[in-house]
1. For chain B, modelled as a GNM with alpha-carbon contacts under 10 angstrom, which of B:ARG73, B:ARG288, B:ARG32 fluctuates the most?
2. Using a Gaussian network for chain B with springs between C-alpha atoms less than 10 Å apart, which of these wobbles most: B:GLN257, B:GLN114, B:GLN95?
3. To the nearest 20 Debye, how big is the dipole of segment B:172-304 about its Cα centre, given +1 on the beta carbon of each Lys and Arg and -1 on that of each Asp and Glu?
4. Antiparallel as a % of all DSSP beta bridges within segment B:3-111, to the nearest 5?
5. Restricting the count to DSSP beta bridges whose residues both fall in segment B:116-303, what percent are antiparallel, rounded to a multiple of 5?
6. Rounded to the nearest 500, what is the protein assembly as shown's calculated 222 nm mean residue ellipticity when only DSSP H runs of at least 4 contribute -39500 (n - 2.57) each, over all residues?
7. Measure nothing but the geometry: give the 0 to 90° angle between the long axis through the Cα atoms of B:261-277 and the longest principal axis through the Cα atoms of chain B, rounded to 10°.
8. In Å, what Kirkwood hydrodynamic radius results for chain B from the alpha-carbon pair distances?
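Coordinate-derived values only; no laboratory data. Note that the structure is a prediction, hence the values are computed from the model and not measured. A quick note on method: Cβ atoms are made from the backbone with ideal geometry, for glycine too, and the neighbour counts reach across all protein chains shown.
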Amino acid sequence: MPVPVWHCRQPIQDVLLTWEGEQHAVFFDPVSGDTHLIAALGAQLAEWLAVAPMDRDQLLHRLTHDVDWDELPSPDALAELLNSHLHRLADIHLLAESPATTPVEALAEEPSA
Amino acid sequence: MRLQDIDTPRLRARMRDGGVTLRLSPFTVRVRSDIPHLADDIATMYRDFELVDEREFVDFHVAVLRSPHWLSRLQGRAEFWFDGQRSFTPLPAAQALAMLEWGINWCIAAHAHQYLLIHSAVLERGGRALVMPAPPGSGKSTLCAALAHRGWRLLSDELGLLDLRTGLIHGMARPINLKNASIPVIKSFAPEAVFSASMPNTSKGTVALVRAPQDAIDARLTPARPAWVVLPSWRADAPARLTPIERARAFMDLAEQSFNYDIHGQAGFQGLGRMVDGCECLHFEYSRLDEAVALFDAFTESAS
């Protein structure tokens, strides 16, 4: 069963400012012209998704293993945290969720000669 | 030729007729007025500023003129004019100097988009600029006036002009605008400061202007590289305290206090990001000026 994937909508190096050790980052939405203060965790998600789209499970895996938590949240709490960040970042046009596609559908979308 | 080279009667006459053109670098401003005491106030506040040749390009043509309407004239009101258009509500002629300063600030904030314009005090020491963005009531101008009379060079108490290409911040060494209780505080703190007459009952309360110290006027063409972003707040009886804040927070405060951040779009975002990258960002709480100045001195010396 294919699942939706998340991706970063913007060329991140042009629109995201992060600073080592800080709890917040700044994102500029080039479409609306708005600037948003976002959590460092949201910026980390955007940086991962700028490299390659991922589904929720892949993101949860990276959150579990690649973030230096003081205390790792429970799986439920982590899932809830991820949801809230993804929705917030989608609202401000940094991330977007792509509809699920099967390999066959993906092939069908490729232009033919 | 500088403004002080014109004697009072000639200055009054020139301002009444064609106006005088002042080089308020990086701008030139032509000022016209039929209010004699405004000519005297300008002579005091801007005595060391150059007059520009009449043939040179002028950025802003402004005037503060007596209201032509009979009722306003009876009430002794004056109007601010920009490029031949009357702007703002008429104010008592006794507030003409404040009106002129606010009017020039408005001209710059509304038009000088070659800069990122930040509502902030800017001072310099050792080539490094201290940028203090803050909303009214935070004690920004009072602190700025105190530092400007204790070894810091004043660039501006109101408008930081950030050049997005060079990353340097410019000021104009124009007068510092003080309000209400700040006026006697600075008169006592810096007896050498040159004040305009106090102007009561303005929309901001009683206002007085302080001429920029001589060193600031002499070096007014020299910009500085931002090194500190400090968000000041005055709180009664609070000990002076500098607390580091996140750069992201400082960025948002700077953007909020900018007049034209939105106009610059992504270039403004990136330019402001470069500025914040190069700065230490702090919150500063204080109540006593001596203590505040001593803390700034100690802090900046340890940073050098």
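1. Highest fluctuation among the options: B:ARG73.
2. B:GLN114
3. About 420 debye.
4. 75 percent
5. Roughly 70 percent of the DSSP beta bridges within segment B:116-303 come out antiparallel.
6. -11000 deg cm²/dmol
7. 40 degrees
8. One over the average 1/r among Cα pairs gives 19.8 Å for chain B.
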